[in-house]
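K.L.:
Here's a structure for you.
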Amino acid sequence: MTSLMVDVRGLMKRFGYRWVLRGLDWTVESGQVVVLLGPNGAGKTTLLRILATLTRFQGGRVQVAGARLPQEATQARQRIGYLGHATFLYPDLSAEQNLRFFARLYQVPDAEARIHALLEQVGLLARRRDPVRTFSRGMQQRLALARVLLIDPPLLLFDEPFTGLDQEGAATLTDILHELAQQGRTLVLTSHDFPRVLPLATRFDLLHRGRITASLPNHGLTIQTLQDWYDTHVTTPVPEERV
Amino acid sequence: MNTGTSFWKAAWAVFLKDLIAEWRSREILTAQWTFALLVIFIFDFALEFDPRAQQRVAVGVLWTLFAFAGTLGLNRSLSMERENQCLEGLLLAPVDRGALYLGKALANLVFLFVTAAIVIPVYSALYNVSLLHPGFLLVLFLGFVGYIAVGTLIATMTVQARTRDILLPLLLFPLILPIIVAAVRASEGFLLGNPWSEIRTWVNLLVVYNILFGTASFLAFDFVVEG
């Protein structure tokens with residue numbers, strides 16, 4: 001039997017007078033790797049931020065990792081790792097000090113050994129004492145990944161995780177994502193880097209005009225079929241509805 | 001997870017992080033020291049030829065410079081959370097928002113005390129006033145606690161605004177006016193050797209202000225950051 005890691009019903013979110021999410025229904029089962037696709041401004045980041053408990057919503061029911069939002073946000077936060085556009089890293093602290101701070105905040109057991117292992121995994125062990133301010137964008141992104149993995153969450157939310165990474169950094173991230181998927185973690189990603197996410201994904205969902213308008217299970221998909229499917233659905237007009 | 005323990009551990013983590021960040025950057029203390037010492041020297045030159053006026057305004061000058069130097073520190077302390085959207089990183093943690101507030105406020109309090117430790121000896125020498133009076137030190141403590149309790153909350157509210165440098169003093173100073181008035185009156189009373197019956201009202205005001213505004217700020221922090 002599979003359990004739902006994300007269960008969203010009738011989710012409504014607006015910024016000012018503009019509705020971004022219009023009664024969105026969406027589920028992600030435990031252990032799945034779901035890639036969320038959609039044109040710019042479709043609401044992918046907003047959806048991930050709502051799931052990460054960072055953004056409030058106007059209506060609907062949201063349950064993440066067994067915790068209902070916003071009432072049980074604190075419980076949800078213990079089970080969610082979120083890597084967004086910002087790294088959440090303190091530029092004046094070193095890589096090690098940043099991770100130590102988050103380890104204290106989350107009360108990570110055996111923190112020093114875990115920090116050491118993660119810095120090695122993301123290839124920053126040699127730079128562990130350098131201030132984050134001196135890191136390139138890609139290195140900061142790798143350290144942000146270590147920050148997310150530090151708490152060992154069952155649900156991981158990645159918003160365009162390959163942004164700013166060089167080939168080596170992107171390859172490292174891909175390897176880590178594969179490892180996480182093999183461990184049975186639930187991953188939700190937004191990315192248009194089809195070659196990188198195709199081997200990972202269990203399913204592709206299209207977020208368009210405030211709703212999930214199409215879903216494509218990954219049964220031996222090729223990049224071309226995925227691209228064709230995406231193009232077809234994004235250009236297909238979705239009937240406007242009053243909300 | 002024990003909620004009580006995690007509250008204090010989280011507050012300690014934030015406090016320690018702010019101290020380490022300041023140790024590495026020295027941005028807050030440098031700004032506060034520079035500003036405070038400049039104000040002292042400027043007033044010293046301005047009042048050089050009138051020792052009586054110097055004595056009369058001495059405590060007022062001191063509290064004014066703490067209020068302004070404090071806003072510099074508060075601004076920089078919260079700006080640190082704005083860079084890379086670190087405040088959101090804090091909000092992702094499964095901890096009570098009050099713990100985050102407490103950690104930030106305690107760190108800001110330490111920065112202000114360190115500034116006072118540098119400023120007071122210089123001030124005493126230039127204005128020929130001995131400030132090592134237990135009563136004055138008590139007033140200093142009470143005044144700083146109230147100022148930082150409210151200041152940390154207001155700085156959190158204004159940190160995302162483009163006009164935060166203006167907005168922070170504009171919102172903060174009307175709120176801390178009772179503290180400044182009470183602290184100046186009580187400090188004067190202690191330093192001039194006035195009877196306790198004359199000073200008590202001002203000290204009581206400081207204590208009541210701290211309890212009321214400290215509690216309100218602690219409780220309101222959650223609403224401010226969840227916005």
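The values are calculated or read from the model by the stated rules, or taken from the named source; none is laboratory data. Treat the numbers as computed from the prediction; the structure is a model and nothing was measured. Methodologically, a virtual Cβ is constructed for each residue, glycine included, from the backbone with ideal geometry; neighbour enumeration extends over all protein chains shown.
K.L.:
Evaluate the following for A:Arg129: is it basic (Lys, Arg), within 13 Å of chain B (Cβ to nearest Cβ) and in contact with a helix residue (DSSP H, G or I) (Cβ under 7 Å, 6 or more places away or on another chain)?
P.N.:
Considered against the rule, which asks whether it is basic (Lys, Arg), within 13 Å of chain B (Cβ to nearest Cβ) and in contact with a helix residue (DSSP H, G or I) (Cβ under 7 Å, 6 or more places away or on another chain), A:Arg129 comes out as yes.
K.L.:
Mind checking whether some residue in the range B:6-25 is within 14 Å of chain A (Cβ to nearest Cβ), of a type outside the set (A, V, I, L, M, F, W, C) and either touching an Asp or Glu at 6+ places or on another chain (Cβ under 7 Å) or not in a helix (DSSP H, G or I) (or both)?
P.N.:
Yes, there is a match, as at least one residue in the range B:6-25 is within 14 Å of chain A (Cβ to nearest Cβ), of a type outside the set (A, V, I, L, M, F, W, C) and either touching an Asp or Glu at 6+ places or on another chain (Cβ under 7 Å) or not in a helix (DSSP H, G or I) (or both).
K.L.:
Since B:Arg82 meets every condition but one in (1) within 14 Å of chain A (Cβ to nearest Cβ); (2) within 28 Å of A:Arg49 (Cα to Cα); (3) in a helix (DSSP H, G or I); (4) touching a Ser or Thr at 6+ places or on another chain (Cβ under 9 Å), which condition does it not meet?
P.N.:
(4)
K.L.:
Now for a separate question. Scanning for something over 21 Å from A:Asp7 (Cβ atoms) and touching a residue at least 60 places away in the same chain (Cβ under 8 Å), does the range A:211-229 turn up at least one residue?
P.N.:
no
K.L.:
Now for a separate question. Quick one: A:Leu189 ticks every box in (1) in a strand (DSSP E or B); (2) over 19 Å from A:Leu157 (Cα atoms) except a single one, so which number is it?
P.N.:
Looking at each condition in turn, A:Leu189 falls short on (2).
K.L.:
Something else now. Going by the conditions given, is A:Gly31 farther than 23 Å from B:Val95 by Cα, in contact with a helix residue (DSSP H, G or I) (Cβ under 9 Å, 6 or more places away or on another chain) and not in a strand (DSSP E or B)?
P.N.:
In short, yes.
K.L.:
Looking at the range A:58-80, is at least one residue within 27 Å of A:Gly210 (Cβ to Cβ), more than 8 Å from chain B (Cβ to nearest Cβ) and touching a Gly at 6+ places or on another chain (Cβ under 6 Å)?
P.N.:
Looking for residues that are within 27 Å of A:Gly210 (Cβ to Cβ), more than 8 Å from chain B (Cβ to nearest Cβ) and touching a Gly at 6+ places or on another chain (Cβ under 6 Å), one finds at least one in the range A:58-80, hence yes.
K.L.:
Does A:Val108 fit the bill of being aliphatic (A, V, I, L, M), within 14 Å of another protein chain (Cβ to nearest Cβ), under 29 Å from B:Ser6 (Cα atoms) and surrounded by fewer than 22 Cβ atoms within 10 Å (Cβ to Cβ)?
P.N.:
Spelling it out, A:Val108 is indeed aliphatic (A, V, I, L, M), within 14 Å of another protein chain (Cβ to nearest Cβ), under 29 Å from B:Ser6 (Cα atoms) and surrounded by fewer than 22 Cβ atoms within 10 Å (Cβ to Cβ).
K.L.:
Any chance you could count how many residues in the range B:116-170 are over 27 Å from B:Arg56 (Cβ atoms), touching a residue at least 60 places away in the same chain (Cβ under 8 Å) and part of a loop (DSSP other than H, G, I, E, B)?
P.N.:
Number of matching residues: 2.
K.L.:
Does A:Thr222 qualify as being modelled with pLDDT of 90 or more and of a type in the set (Ser, Thr, Tyr)?
P.N.:
Criteria not met by A:Thr222.
K.L.:
Tell me, yes or no, whether the range A:165-177 has at least one residue that is of a type in the set (Gly, Ala, Ser) and not in a helix (DSSP H, G or I).
P.N.:
no
K.L.:
With respect to A:Arg196, determine if the residue is surrounded by 18 or more Cβ atoms within 10 Å (Cβ to Cβ) and not hydrophobic (A, V, I, L, M, F, W, C).
P.N.:
Yes; evaluated as a whole, the condition is true for this residue.
K.L.:
Could you identify the single residue in A:Leu118, A:Leu48 that is more than 8 Å from every other protein chain (Cβ to nearest Cβ), assigned to a helix (DSSP H, G or I) and more than 26 Å from A:Thr213 (Cβ to Cβ)?
P.N.:
A:Leu118
K.L.:
Right, another one. Would you point out which residue out of B:Ala53, B:Ala58, B:Ala21 is surrounded by 15 or more Cβ atoms within 10 Å (Cβ to Cβ) and modelled with pLDDT under 90?
P.N.:
Among B:Ala53, B:Ala58, B:Ala21, only B:Ala58 is surrounded by 15 or more Cβ atoms within 10 Å (Cβ to Cβ) and modelled with pLDDT under 90.
K.L.:
What are the residues in the range A:132-147 that are within 14 Å of chain B (Cβ to nearest Cβ) and within 21 Å of B:Leu92 (Cα to Cα), if any?
P.N.:
The answer is A:Val132, A:Gln140, A:Gln141, A:Leu143, A:Ala144, A:Leu145, A:Ala146, A:Arg147.
K.L.:
Moving on. Since A:Leu83 meets every condition but one in (1) over 26 Å from A:Met12 (Cβ atoms); (2) more than 9 Å from chain B (Cβ to nearest Cβ), which condition does it not meet?
P.N.:
It fails just one condition, (1).
K.L.:
With out of contact with any Ser or Thr (no Cβ under 7 Å at 6 or more places or on another chain), within 17 Å of A:Lys44 (Cα to Cα) and hydroxyl-bearing (Ser, Thr, Tyr) as the only criterion, which of A:Thr134, A:Thr213, A:Thr222 stands out?
P.N.:
Answer to the check: A:Thr213.
K.L.:
Additional query: Taking the criterion of being surrounded by fewer than 16 Cβ atoms within 10 Å (Cβ to Cβ), at pLDDT below 90 and small (Gly, Ala, Ser), would at least one residue in the range A:164-181 satisfy it?
P.N.:
yes
K.L.:
Could you go through the range B:195-210 and let me know if any residue there is of a type in the set (Ser, Thr, Tyr), in a helix (DSSP H, G or I) and touching a Pro at 6+ places or on another chain (Cβ under 9 Å).
P.N.:
Looking through the range B:195-210, at least one residue is of a type in the set (Ser, Thr, Tyr), in a helix (DSSP H, G or I) and touching a Pro at 6+ places or on another chain (Cβ under 9 Å).
K.L.:
Let me ask another. Give B:Asn108, B:Asn75 a once-over and let me know the one that is away from chain A (no Cβ under 14 Å), in a helix (DSSP H, G or I), within 10 Å of the chain's Cα centre (by Cα) and crowded, with 18+ Cβ neighbours inside 10 Å.
P.N.:
B:Asn108
K.L.:
Between residues in the range B:210-223 that are in contact (Cβ under 8 Å) with a residue 60 or more places away in the chain and residues that are assigned to a helix (DSSP H, G or I) and among the basic types (Lys, Arg), which pairs lie under 7 Å by C-beta distance while being six or more apart or on different chains?
P.N.:
If the second residue must be assigned to a helix (DSSP H, G or I) and among the basic types (Lys, Arg), the pairs left are B:Phe221/B:Arg97; B:Asp222/B:Arg97.
K.L.:
A follow-up question, please. Which residues, counting only those in the range A:91-105, are at pLDDT 95 or above, facing another protein chain (nearest Cβ under 7 Å) and in contact with a Leu (Cβ under 8 Å, 6 or more places away or on another chain)?
P.N.:
Scanning the range A:91-105 gives a single hit, A:Phe101.
K.L.:
Condition first: touching a residue at least 60 places away in the same chain (Cβ under 8 Å), on the phi < 0 side of the Ramachandran plot, outside any strand (DSSP E or B) and out of contact with any Pro (no Cβ under 8 Å at 6 or more places or on another chain). Can you find one or more residues in the range A:96-104 that meet it?
P.N.:
no
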